[in-house]
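Taking it in order: structure first as structure tokens, then the write-up.
The values are calculated or read from the model by the stated rules, or taken from the named source; none is laboratory data. Bear in mind the structure is a predicted one, so any value in this text is a computation, not a measurement. For neighbour counting, all protein chains shown are included, and Cβ atoms are generated from backbone atoms with ideal geometry for every residue, glycine included.
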Amino acid sequence: MPSRGGDPGAPREWRREGYAISTDPERLDLDAIHGYLAASYWATGIPRAVLARALDHSLNFGIYQLPAAGGPGAWVQAGFGRVITDYTTFGYLADVFVLEPHRGRGLSKWLMACIDEHPHLKGFRRWVLLTRDAHGLYRQFGYTAVAKPDRYMERHAPDVYRRGDPPR
Ligand SMILES: CC(C)(COP(=O)(O)OP(=O)(O)OC[C@H]1O[C@@H](n2cnc3c(N)ncnc32)[C@H](O)[C@@H]1OP(=O)(O)O)[C@@H](O)C(=O)NCCC(=O)NCCS
């Protein structure tokens, strides 16, 4: 059966002046991503091994600064976001950030556009995300406040990384 749903497909890449967005897991700089997320307001203290396992089971979108035109050098992690999904009906967008030196250049909007373009992330019945103050970003891509909050439930353990439970 031709596969569209059910898997992430081959790694994809988008380019623009000085930057790339890639879903290639080999490109992820786990130290840089962990450095940001472990200090973030939403995943404070997340252990590196837990993050690594989470990324293993996500479709990861790395944002990278490219080396100066034509020059040598590594791609530098400039931002990140990941989609947790069945590739068919539902997507949860998580852990979106752009590192400070790269902010204000439209990179997060480009990330959202790349996610929208990804052929294995289409036709979902529902996308969900949580944000403290970036509603204006996501509104530009069709997200709204929850229409019927009385239907939403959650089981939240904000102190899970402070309890020191060992990662499986
Ligand atoms: C939010 C964040 C990802 C934006 O990244 P960025 O690449 O600098 O943003 P962009 O240049 O693509 O512009 C973002 C757009 O969303 C809007 N926006 C709304 N809320 C925003 C917020 N809290 N922070 C930044 N932009 C915001 C901006 O005005 C801009 O829209 P405009 O160009 O139409 O004016 C970045 O500031 C960040 O990493 N913040 C800390 C982590 C965080 O809060 N992540 C989101 C968790 S859900």
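Here the range 107-125 is the region considered, the condition is being among the charged types (D, E, K, R) and assigned to a loop (DSSP other than H, G, I, E, B), and the residue that is surrounded by the fewest Cβ atoms within 10 Å (Cβ to Cβ) is Arg125.
Contact annotation: residue pairs with Cβ atoms under 8 Å, 6 or more positions apart or on different chains, pairing a residue in the range 131-150 that is within 12 Å of Val96 (Cβ to Cβ) with a partner that is of a type in the set (Val, Ile, Thr), are Ala134/Val96; Leu137/Thr131; Tyr138/Thr131.
Residues Leu121, Leu137: which one is within 16 Å of the ligand (Cβ to nearest atom) and either under 27 Å from Asp29 (Cα atoms) or among the β-branched types (Val, Ile, Thr) (or both)? The conditions single out Leu137. Selection of the range 132-141 for residues being more than 15 Å from Val83 (Cβ to Cβ) and in a loop (DSSP other than H, G, I, E, B) yields Arg132, Asp133, Ala134, Gln140.
Scanning the range 1-15 finds one or more residues that are closer than 19 Å to Pro119 by Cα, at pLDDT 95 or above and of a type in the set (A, V, I, L, M, F, W, C). In the set Val98, Val128, Val160, only one residue is at negative phi, surrounded by fewer than 15 Cβ atoms within 10 Å (Cβ to Cβ) and within 16 Å of the ligand (Cβ to nearest atom); that residue is Val128.
The sole residue among Asp29, Asp24, Asp95, Asp86 that is acidic (Asp, Glu) and more than 27 Å from Pro158 (Cα to Cα) is Asp24. Which residue pairs have Cβ atoms closer than 6 Å, lie 6 or more positions apart in sequence or on different chains, and pair a first residue in the range 113-129 that is aliphatic (A, V, I, L, M) with a second residue that is at pLDDT 95 or above and surrounded by fewer than 16 Cβ atoms within 10 Å (Cβ to Cβ)? Short answer, once both residue conditions are applied: Val128/Tyr92. When Asp150, Asp159 are checked against the criterion of being over 19 Å from the mean Cα position of the chain (by Cα) and not in a loop (DSSP other than H, G, I, E, B), a single residue qualifies: Asp150.
The residues of the range 7-45 that are within 22 Å of Arg132 (Cα to Cα) and away from the ligand (no atom under 14 Å from the Cβ), listed by number, are His34, Gly45.
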